[in-house]
1. Got at least one residue in region 129-138 being modelled with pLDDT of 95 or more and more than 15 Å from the chain's Cα centre (by Cα)?
2. So, of the residues in region 388-421 that are in a loop (DSSP other than H, G, I, E, B) and among the hydroxyl-bearing types (Ser, Thr, Tyr), which turns out to be most open to solvent (accessible area, probe 1.4 Å)?
3. Mind telling me which of the residues Val294, Val255 ends up being hydrophobic (A, V, I, L, M, F, W, C) and either open to solvent by 40 Å² or more (accessible area, probe 1.4 Å) or within 17 Å of Lys41 (Cβ to Cβ) (or both)?
4. Do we find that Thr333 is of a type in the set (Ser, Thr, Tyr) and either under 30 Å from Ser441 (Cβ atoms) or crowded, with 20+ Cβ neighbours inside 10 Å (or both) in this structure?
5. Answer yes if at least one residue in region 465-474 is crowded, with 16+ Cβ neighbours inside 10 Å, touching a helix residue (DSSP H, G or I) at 6+ places or on another chain (Cβ under 7 Å) and either assigned to a helix (DSSP H, G or I) or on the phi > 0 side of the Ramachandran plot (or both), and no otherwise.
6. Tell me which of these Ala211 doesn't satisfy, since it passes every other one: (1) on the phi < 0 side of the Ramachandran plot; (2) out of contact with any Gly (no Cβ under 6 Å at 6 or more places or on another chain).
7. What's the total number of residues in region 91-111 that are assigned to a helix (DSSP H, G or I) and either under 13 Å from Ile160 (Cα atoms) or in contact with a Lys or Arg (Cβ under 9 Å, 6 or more places away or on another chain) (or both)?
Amino acid sequence: MKLSSLALLGLPFLYLTSALPKITRTGKYLYDESGSRFYIKGVAYQPQGEAAASSEANAANGGFPEPSSFHDPLSSAQNCTRDLPYLKQLGVNSVRVYSVNSSLNHDDCMKTLSDNGIYVLLDVSLPLNGSIDRSSPSWSTNLLNEYISTIDAFRKYDNILGFNIGNEVITQVSNTNAAPYVKAAARDIKAYLKSVGSSALVGYSATDGDADFRNSLAEYFTCGGDDIAVDLYGLNNYEWCGDSSYNASGWAAIVSGMQNIPVATYMSEFGCIFSPPRLWTEVAALFNTPVSDVFSGGMAFSYFPTSDGYGMVTFSGDGNTVTTSDDFNRLSTQYNATSPPNSPAKSSVTAGQLNCPSESASLVASNTLPPTPNEAVCNCINQKALSCLVRPGTANSPTIVGELLNYACQLLGSSTNGTASCDPIGGNGTSGTYGELSYCSPAIKLSYAMSAYYEFNPVQTSCDFSGNATLSPTMPNTAEDASSAASQCLSSEPSGGVFTPSPVASNGASQTSSSASGSRTSSATGSAGSGSSNSGASATISGNAWVGVVGLLGAVLGGAAMVL
């Protein structure tokens with residue numbers, strides 16, 4: 001009847017669809033708009049990309065190569081339509097998608113899923129150069145811009161359940177120093193979503209491990225209050241193998257260890273293949289007490305075929321025909337038999353807050369988080385205070401940038417008698433100390449290091465770096481000019497260094513919020529702060545003595561003047 005009224009008013013005909021119920025978190029549970037508990041009953045939905053070559057850093061931080069490419073599963077309307085009957089046959093209400101291209105159109109796929117009651121939990125990082133690098137962690141302007149671009153492309157859809165800001169970034173105790181960077185990303189993304197009126201959850205998916213490591217990491221990411229804790233904490237768990245049981249699988253210890261986590265938890269991946277066939281008997285346990293008292297469902301891995309045997313379907317040569325496996329059929333039977341308890345009632349849940357864990361043998365992560373990446377400060381320093389700039393073609397090659405940055409920092413260490421270093425562009429997640437430009441993009445960090453070297457050797461060949469750099473047309477004339485320019489640039493940094501990011505501009509840069517203040521927290525303890533694979537260029541150089549950018553520029557330029 002309302003359509004007729006609209007027609008009488010001369011308004012264009014609208015295709016009206018009922019939106020999926022919004023899912024929110026109260027305490028450690030998820031609820032829909034009616035107040036009923038919501039359980040994630042999902043499947044990983046991501047075609048496998050190519051694996052990158054292994055490296056020494058990778059071997060030291062987990063031992064498995066990351067993907068070097070990805071295939072966006074939500075950009076093909078034809079494929080989503082092809083897969084929909086099988087997703088419905090599985091009985092899922094959610095899919096987890098690991099990588100998308102934010103520049104593509106996803107309307108058709110997202111509508112297909114929404115019309116059929118399927119939510120999307122979307123990872124916002126990308127392989128290789130679009131995620132926090134566990135071997136050289138940094139929370140930087142290029143990553144913030146990329147994450148916001150993906151969020152802006154998807155937050156309009158009614159079936160976005162949440163955004164994952166990392167997947168297994170921390171894989172062992174030795175790289176828990178990356179945790180402050182991941183948590184800073186969660187803090188800033190939560191602030192951004194709030195500023196644009198989005199209620200999407202913010203999550204992190206962790207690798208499993210021994211109890212101390214697993215529990216300490218979960219406590220770290222979920223402590224300190226809603227401004228900095230993730231909403232949704234996932235555990236990638238493959239311990240329930242074959243016809244196992246609650247106790248034999250280790251799930252009893254996992255549930256016990258996470259029963260005091262104050263946010264919603266779920267199995268972000270599950271489905272062991274090492275004791276075939278996959279019987280999926282863990283599903284019955286997952287959706288019943290005592291597991292359902294702590295966990296809110298999970299994501300089975302994986303719908304698409306994988307090279308190591310986790311897939312549940314195969315495709316014909318032309319990609320148009322789907323063939324299901326026995327794995328698929330058994331999971332379908334288990335998922336469709338679930339009837340999880342609708343308790344506790346939303347009205348009876350009291351939100352809690354967890355005290356943050358101290359550094360320990362299983363957690364070498366500081367509770368002081370790095371600042372919000374500030375694009376305006378980085379660009380200002382780059383344009384007004386640096387002499388030697390990376391060429392645009394090189395800046396777009398993360399591998400070359402990483403190698404050059406390591407080389408330039410080594411040159412500084414060996415040729416300046418310790419007067420200059422890369423400390424101002426580095427960070428230390430264990431000590432909780434971050435250089436004043438630690439959040440800049442790898443390219444700007446490289447320009448900083450090359451400029452510092454050039455000023456100690458002020459001849460044109462010192463700003464060449466095998467053709468990868470050039471002198472800036474706006475280079476400062478004197479040490480005083482450089483120091484003054486850097487001081488002016490840094491003066492725009494909000495007190496405390498933490499602010500609400502703004503949408504990404506058309507040039508790909510995030511704008512500093514005009515309402516930035518230091519009132520938000522920058523410490524995982526909740527107190528007021530004072531202060532990827534990535535290219536590998538962001539924090540390979542770190543140390544205990546941290547020199548201010550203004551002072552270092554002055555020292556470098558002053559030293560160069562004395563040489564002249």
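1. No - not one qualifying residue is present in region 129-138.
2. If we filter region 388-421 for residues that are in a loop (DSSP other than H, G, I, E, B), which is where we start, we get 391, 396-397, 416-421.
Filter once more, so that each one left must be among the hydroxyl-bearing types (Ser, Thr, Tyr): 397, 416, 419, 421.
Working: Ser397: 32, Thr416: 4, Thr419: 70, Ser421: 32 Å².
Ranking the candidates gives Thr419 first.
3. Working: Val255 fails: either open to solvent by 40 Å² or more (accessible area, probe 1.4 Å) or within 17 Å of Lys41 (Cβ to Cβ) (or both).
Selected residue: Val294, the only one of Val294, Val255 that is hydrophobic (A, V, I, L, M, F, W, C) and either open to solvent by 40 Å² or more (accessible area, probe 1.4 Å) or within 17 Å of Lys41 (Cβ to Cβ) (or both).
4. On the way: of a type in the set (Ser, Thr, Tyr): yes; either under 30 Å from Ser441 (Cβ atoms) or crowded, with 20+ Cβ neighbours inside 10 Å (or both): no.
Spelling it out, it is not the case that Thr333 is of a type in the set (Ser, Thr, Tyr) and either under 30 Å from Ser441 (Cβ atoms) or crowded, with 20+ Cβ neighbours inside 10 Å (or both).
5. yes
6. (2)
7. Initial filter on region 91-111 (assigned to a helix (DSSP H, G or I)): 107-111.
Within this subset, residues satisfying the condition of being either under 13 Å from Ile160 (Cα atoms) or in contact with a Lys or Arg (Cβ under 9 Å, 6 or more places away or on another chain) (or both) are 107, 109-111.
Summing the residues that are assigned to a helix (DSSP H, G or I) and either under 13 Å from Ile160 (Cα atoms) or in contact with a Lys or Arg (Cβ under 9 Å, 6 or more places away or on another chain) (or both) in region 91-111 gives 4.
This table checks each residue for (1) part of a strand (DSSP E or B); (2) closer than 23 Å to Gly224 by Cβ; (3) aliphatic (A, V, I, L, M).
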residue	(1), (2), (3)
Ile165	yes, yes, yes
Tyr192	no, yes, no
Ser199	no, yes, no
Ser205	yes, yes, no
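The values are calculated or read from the model by the stated rules, or taken from the named source; none is laboratory data. Everything numeric here is computed off the predicted structure, so don't read it as measured data. Here Cβ is always computed from backbone atoms with ideal geometry, including for glycine, and neighbour counts include all displayed protein chains. We work out accessible area using only protein heavy atoms, side chains counted, and drop any ligands, DNA or RNA first. Shrake-Rupley method; radii C 1.70, N 1.55, O 1.52, S 1.80 Å.
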